[in-house]
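Computed from the coordinates by the stated procedures, all read-outs in this text should not be read as laboratory data. Predicted, not measured: the structure shown is a model, and the values here were computed from it. Positions of Cβ are backbone-derived with ideal geometry, glycine not excepted, and every protein chain shown enters the neighbour counts.
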Amino acid sequence: MKRGKFVTFEGCEGAGKSRQIQFVKELFAARGVDFILTREPGGPAISEKIRAFVLDVNNAEMTAECEALLYAAARAQHVKQLILPALESGKTVLCDRYIDSSLAYQGYARGLGMDYIRAINAAAAEALPDVTLFLDLPPAAAFARKGGADRGDRLEVSGMDFHEKVYAGYLEVCARFPERVVRIDCSGTKEETRAKIAAALQERGIC
């Protein structure tokens, strides 16, 4: 059986991932793509439990290393239990965030280094995306759309300086992996963004 395609979505908080992923779901359904939608951290029940813990605002004392390792642990379960079986069965996997989030958030913004993140995810991130769509919208614009940066989960409320570093981290990811990561300019209307996403997926032979 032909292996399925692995598509990941990345972006800063408030960049519009949820809205655009819903569009891709509808696009896949309309074009008869056999797919599953999942997220990181999350997916299987064990990974969802790790998600609840790592994003809990009450865990403010969590170290950067602990945070990164928890994400890697959730990813290991996610890949083995859900992502790889789906790909091997021929399904397209659409995932809201993946290892690039760890590179940008923990590797770059938390200062752990991207090599450290890649090392601790060497086994966890066994499945590599065929294409990653980075919704490119700087934090100031993203949070303006979202309605502010003072509410949300433990990462969302980390402050604008942190999110500026996350954005810089994503730009570094784009520079390091240009063959895989497609930057989608999200400064226009949601319809314009959707057209760019559809074009990128068609160009990569996803749908």
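Seen from residue 5, the other residues with C-beta closer than 10 Å to its C-beta sum to a net charge of +3, counting Lys and Arg as +1 and Asp and Glu as -1. Return the label of the correct value of volume of the Cα convex hull per residue in Å³, as calculated from the structure shown, out of [x] 142; [y] 110; [z] 133. Computed from the coordinates, volume of the Cα convex hull per residue in Å³ corresponds to [y]. Normalising the Debye intensity of the stretch 54-177 to I(0), with uniform scatterers on Cα atoms only, and taking log10 at q = 0.09, 0.14 Å⁻¹ returns -0.27, -0.65. With R₀ set to 35 Å, the beta-carbon distance separating residue 49 from residue 144 gives a calculated FRET efficiency near 0.60.
For a test of the definition: using alpha carbon positions, the gyration tensor, and the 1.5 limit on a/c, classify the stretch 80-148 as rounded, prolate or oblate. Write out the running numbers ahead of the final one.
Details: a/c = 3.02, a/b = 1.38, b/c = 2.19.
The shape class here is oblate.
Quick one: grab the alpha carbon gyration tensor of the stretch 108-207, order the square roots of its eigenvalues as a ≥ b ≥ c, and give me rounded if a/c is under 1.5, else prolate or oblate depending on whether a/b is larger than b/c. Cα axes put the stretch 108-207 in the oblate bin.
Can you tell me how much longer the chain between residue 180 and residue 153 gets when fully stretched, taken as 0.36 nm per residue apart minus their C-alpha distance, in nm with one decimal?
Details: separation 27, 0.36 × 27 = 9.72 nm, distance 2.89 nm.
In short, 6.8 nm is gained.
With the convex hull of the Cα atoms taken as the outline of the stretch 1-79, the averaged projected area works out to 6.7 nm². Ordering 62, 1, 114 from the fewest to the most neighbouring beta carbons within 10 Å gives 1, 62, 114. Considering only 11, 113, 43, the mean-square fluctuation computed in a Gaussian network model of the chain, springs between alpha carbons under 10 angstrom, is largest for 113. Annotated for the chain: lysine pairs at least 8 residues apart or interchain, Cα distance under 17 Å, count 14.
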